[in-house]
Every structure is written in C-alpha cells, then in structure tokens.
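Below: the structure, in structure tokens.
The values are calculated or read from the model by the stated rules, or taken from the named source; none is laboratory data. Being a predicted model, the structure only gives us computed values, none of them experimental. For neighbour counting, all protein chains shown are included, and Cβ atoms are generated from backbone atoms with ideal geometry for every residue, glycine included.
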Amino acid sequence: METTTKTAIKGGEFLIRETEAAEIFTPEEWTEEQLMIKQTCEEFLQQEVWPKLDELDSMQHPELMPGLLDKAGELGLLGTSIPEQYGGFGMDFKTTMLVAEATGPGHSFAVAISAHTGIGTLPILYYGDEEQKAKYIPKLATGEWKAAYCLTEPDSGSDANSGKTKAQLTDDGKHYLINGQKMWITNGGFADIFIVFAKIDDDKDLTAFIVEKDFGGITMNEEEKKMGIKGSSTRQIFFNDCKVPVENMLSERENGFKIAVNILNIGRIKLGISCVGGAKATSSLAINYANERKQFGTSIGNFGAIKHKIAEMAIRTFASESAHYRAAQNIDDAYDAFVADGMEPAKARLKSLYEFAIECAILKVHGSEIADYVVDEGVQIYGGMGFSADAPMDRAYRDSRINRIFEGTNEINRMLTIDMILRKAMKGELDLMGPAQAVAQELTSIPDFGAEADTGIFSAEKKVLSNMKKAGLMIAGAAVQRYMQKLSEEQEVLMHLADMLIEGYVAESTLLRVEKMIEKTGEEANSLHVDMARAYLHHGLEVAVSAGKQAIYAFAEGDEQRMMLMGLKRYSKIDPMNLKDARRRIADHLLAENKYTF
C-alpha cells in the first residue's frame, strides 16, 4: 500500500492549506517535567512577586526588581532558552513559551524578566561570536548581569531604522565612540549590559553593539512615570562618547536593523503568550469575585449578564492559547528540520522564527487584545470595586494597556502580517495566486448545494473555516489588483484584511485543539471545549465579515462591489447555535470551580 508523507507546514501557509489535528501541539500534552517548570514559575509569583506588587510599583526600593531577577536566576528561570554549554537548560521553544505564560501574571516583573531573557539576552546568543557568547551569556543566564535593549529614540519608534544615535571609530581603530539618546528602555535603571543600536558614520542601516555599563559615558534620566507597569524600570539613556571596544560590535556592520527585526519576532509571540497567562489569572479573580459578591440576595455570578462575560473571557483566552502553542510547535519543528540539515543551532532558531514571523505578528495582536478585553470585563464584573486602587483590577487594567504598543504597535503588526504574506507570494514561497484564482472562478460558478460528506464532529465548522479563508483570498486578490504596488499605502484595507486572517487562524487553531482532545479522551469529556470552539468560530466569523465589508467598501464600486459582497455573504454562512446556553454551561463550570480551569 502506498503512503504519502505530508511536508511540514510553512509560515503563512495555513491560509491555503488545511491542517490536521494530529499536526498541532496542544497544552494538554505538556510533560510532567514541563508542568513542574510551570508550577515553579507560579509558586515564585505567589511567594516572591505578588506580595511585593505595591512596593515594586512605588519605585521607592529600586533594589527590589533586580533582586527578584537574582532569585529567578537561582531557580533557572532566566536560562530556559540558553544552551547548556552557556549555563542554561537548552529547552525547546514551546517550553520557553510556557515560562512566559506562567510568569505573565507577574505584572511589572513579567516585563522585567521578559526584557532580560528576550531582547536583552537573545541578540548575543543568536548573533554573537563565540567569544561574546562565552563572556556574556553565562552571566546573563544566572542573572549576575542584567540586560536591556536600546533601540527606540525620541524621533524613531515604529520607524526604528531612522535612529540618530551615532558610532564613530577612534583614530587608533580600537573603539567606537557612541553618542545619542535612547528612550523607553526597560530595565535601564539597573542593567549591566545594553544592546545598543547606532549608525556608523553615514551608514543607511543600524549596527548593533554590546555595551557594558562600566564602559562609561552613560547617563540617564529619572524613572519614567507611567500609566501602568509602574514597577518596571524605564529610563531615557544618554550615550556621551561611550567608548566601546571594536570587538563588541554584534554581528556585522549595518546588520543591526535585521537583528532588531528578527529578535522582535521572538518578542512578539512571547508577549502574546504572556498576555494569555495574565488573562487566565485575571479571569480567576473575576470568577472568584462573582461568586463572593452578593446583590439582590444572590451571588452576581448567578446573573446571565455576568455569565456571558465570564464565558467570553474564557472562550477568547482558550482560543488565543490554542493558537500560540500551535505556532510554537511549528517553530520547533522547523528548527529541528534545519538542524537535521546541518544548520548551526543559533541560525536554525532564527530561521525558524523568521519562517513563522507572520504567525508571531498575528499572535502578538491577538494575545494583547484578548488580555485587554479580559481586564476590561474584569473591571466591569468588580463594578465600583473594579475602579478602586485597593482591588486587583486597577493594576491589571493599567498594566495590560502597554501590550498593544510593545514589540511593534498592533497597527504595525497588522500591516506587517499582510505585507509578509504578499512578499512570500511574490518570492514564490507561498502560492497565493492559484487559490485566489480558484476562488474567483468559483464565484462565477453555480454554488454546489449537494450534501457535505460527514468527516467528523467539526465537519460543518471546517467548511465555515474554509470559506472564511476563501473570503480573505477573494478580497485580498481584488485589493492587490486594484492597488498593485501602492497597496502598502492603503493601511485601512491592510488592517481589515489582517483581522480576517487573524480570526481565521485563531478559530482554526481552537477547533484543531479540541478535535485532538476529543480523539484522545472522547466528546463527552470535552463537551465544554466543543462549546468554546464553536462559540469562538461564531465570534471570529462575525469579526471577519465586518472587516471584509469594510475592506470591500473601501476600494470596490458598482458591479465589482456587488459581486464581492455577494461572495462574502456566500462565504460567511454558518449553522445557527444557541450561544447563550453554551456560554452559560461554560460559566457555570468556571463558577463551580471558582477559577479559570481550561
């Protein structure tokens, strides 16, 4: 009997290829060791971080945050992604994602640890030469040295490559003198090592340098007063003839912008899963309060309006988690394949993340936006107490808001998502033209009203997903034809297209996760998960249809517009479902457990 082996999925390929449940990783598959790591993180937050949140936010004790990083280093939490040869644990990518999720509810501490282990450490690990890695990585892995990342400037935020910080070679050719100003530098107040981006002479692109605080020529403003994450150190940093040895250039001259972009891919998906962790913790607080708070002689959790909120918080959190670990496994699989082909591990890790940069951007947007949704509803469930600084929703609400700005704003990430997909298509790495033409042909044909073959519990839902993708291809194809090379200037259209893509990816990930759970433990044991998967699909479809209409209205007219609107209607059919009852079943379970349990 002849068998065929399915090739590994490429980044962005989910749009044109059906994924099978067996291909994805689900959080139900964590090993005992991985769950112990998660428990270590949770216990660290409970014992070391949460009791000190007020102290951290007051900024009256600047030694507190670096002290917490020291303790995290002693537990090995700073070295999860670092190879054993440099004093780390060499864990796979999805396990480092689990650490980010488990520390996500740590408020300002989550920001500090993520900046240190991510953008502060990884540029050296992935781009440093052997001497640089041997010198810096072991001390960063233990927390003996703390790291910060200096990219943003007063006049260069999203347009990072326009930075004005300069590096000039000294006459003896042994040092670079760095002069310039950086702002919004997380961990800036206590960092020992700075990854600094500057332009040498009149170079077009940035170059990266490893700068030690002890090199001198470094001064900084007082701590920034911020809306949220008040306990994280955020400084403006000034470099005044900061003397950096030439051997501390990171990678090659003018490679800094590439380093910044690639490291941000990692930061984006890690930030997204950190937001998921925060959303779970916030949901548990809201569920607990809904049980305790009495009005009209009963717990407010007994009211349908509150059940709706609790269920939606859980549905969107569960969905985002599903998508994040699906992508994390894809990244691990790509890494394994590159290493098996003989690629050096650091390069393989970067290439695997670059391969799935589209998914990283999607998940940064989705994770940060569901976290904002959850904290907002959390405030509402708490009512008046939600607005009180004495209750936990105050800090959760303020701290969450930065996540839609960190690691590239959500607007930038939406536009990047479509830009990267179109670039892949133009390079021939992704066949969008064939599927888009097939959709255009299908639109002019007579619809097939024949009965669908039943292929499992989610056969109808998978048809809905397939049609969601067709709708996205239809509108994207028409937009490309309409604007050609100028599509990048139509930011509103790009963001609508991105929303269609994001919802399709997350809804599909959720269905695949639940399908895999059912294959292992049966439908009855996962009935609430089925409710969540179906409810999220309805939500995602609503968002996608609204975004699709807005995109069509923006550029199509006359017969073309009518045809596309008919196509969108054709591709957005879904069987009715009693969402109220599904939400009540989900909420009743969570209220009975008195916490988020999925």
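Here is how the numbers come out for the structure above:
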read-out: Failed item, numbered, when Gln481 is tested on (1) of a type outside the set (Lys, Arg); (2) more than 30 Å from Ala21 (Cβ to Cβ); (3) touching a helix residue (DSSP H, G or I) at 6+ places or on another chain (Cβ under 9 Å); value: (3)
read-out: Selected residue [closer than 25 Å to Pro66 by Cβ, surrounded by fewer than 20 Cβ atoms within 10 Å (Cβ to Cβ), in contact (Cβ under 8 Å) with a residue 40 or more places away in the chain and among the β-branched types (Val, Ile, Thr)] from Thr152, Thr142; value: Thr142
read-out: Search result, residues across segment 580-594 that are aliphatic (A, V, I, L, M) and free of Cβ contacts under 8 Å to residues at least 40 places away in the same chain; value: Ala592
read-out: Which listed residue, of Leu528, Leu568, Leu512, is in a helix (DSSP H, G or I), on the phi < 0 side of the Ramachandran plot, under 23 Å from the mean Cα position of the chain (by Cα) and touching a residue at least 60 places away in the same chain (Cβ under 8 Å); value: Leu512
read-out: Yes/no for Ser320 being at pLDDT 95 or above, buried (at least 24 other Cβ atoms within 10 Å of the Cβ) and touching a Cys at 6+ places or on another chain (Cβ under 9 Å); value: yes
read-out: Selected residue [more than 29 Å from Ile405 (Cα to Cα) and among the hydrophobic types (A, V, I, L, M, F, W, C)] from Leu250, Leu169, Leu206; value: Leu169
read-out: Residue among Thr40, Thr19 that alone is among the β-branched types (Val, Ile, Thr) and outside any helix (DSSP H, G or I); value: Thr19
read-out: Lys280 vs. criteria outside the structural domain of Lys135 (by TED's automatic domain parsing), under 30 Å from Ile178 (Cα atoms) and not aliphatic (A, V, I, L, M); value: no
read-out: Matching option when the condition is outside the structural domain of Ser320 (by TED's automatic domain parsing) and surrounded by fewer than 22 Cβ atoms within 10 Å (Cβ to Cβ), among Phe89, Phe109, Phe93; value: Phe89
read-out: Lone unmet requirement of (1) under 16 Å from Ile273 (Cβ atoms); (2) crowded, with 21+ Cβ neighbours inside 10 Å for Leu68; value: (1)
read-out: Residues of segment 113-154 that turn out to be under 16 Å from Val196 (Cα atoms) and among the charged types (D, E, K, R), as a count; value: 2
read-out: Verdict on Val196 being modelled with pLDDT of 95 or more, touching a Lys or Arg at 6+ places or on another chain (Cβ under 8 Å) and β-branched (Val, Ile, Thr); value: yes
read-out: Qualifying residue in segment 428-437 (condition: hydrophobic (A, V, I, L, M, F, W, C), part of a helix (DSSP H, G or I), at pLDDT below 90 and crowded, with 17+ Cβ neighbours inside 10 Å); value: yes
read-out: Test: residue in segment 369-391 that is closer than 17 Å to Gly504 by Cα and either of a type in the set (S, T, N, Q) or touching a His at 6+ places or on another chain (Cβ under 8 Å) (or both); value: no
read-out: Condition check for Met563: surrounded by fewer than 22 Cβ atoms within 10 Å (Cβ to Cβ) and modelled with pLDDT under 95; value: yes
read-out: Residue list for segment 490-505, filter: under 17 Å from Gln550 (Cβ atoms), part of a helix (DSSP H, G or I) and not small (Gly, Ala, Ser); value: Gln491, Glu492, Val493, Leu494, Met495, His496, Leu497, Asp499, Met500, Leu501, Ile502, Glu503
read-out: Filter result (without any contact (Cβ under 8 Å) to a residue 40 or more places away in the chain and either under 20 Å from Lys463 (Cβ atoms) or of a type in the set (A, V, I, L, M) (or both)) within segment 546-565; value: Leu565
read-out: All positions within segment 382-415 that are in a helix (DSSP H, G or I), in contact (Cβ under 8 Å) with a residue 60 or more places away in the chain and over 12 Å from Thr282 (Cβ atoms); value: Gly383, Met385, Arg398, Arg401, Ile402, Asn403, Glu411, Ile412, Asn413, Arg414, Met415
read-out: Check on Thr80, farther than 30 Å from Glu461 by Cα, of a type outside the set (Gly, Ala, Ser) and not in a loop (DSSP other than H, G, I, E, B); value: no
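Residue-by-condition table, conditions (1) without any contact (Cβ under 8 Å) to a residue 40 or more places away in the chain; (2) buried (at least 24 other Cβ atoms within 10 Å of the Cβ):
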| residue | (1), (2) |
| --- | --- |
| Asp172 | yes, no |
| Asp192 | no, no |
| Ala198 | no, yes |
| Asp201 | yes, no |
| Leu206 | no, yes |
| Ile218 | yes, no |
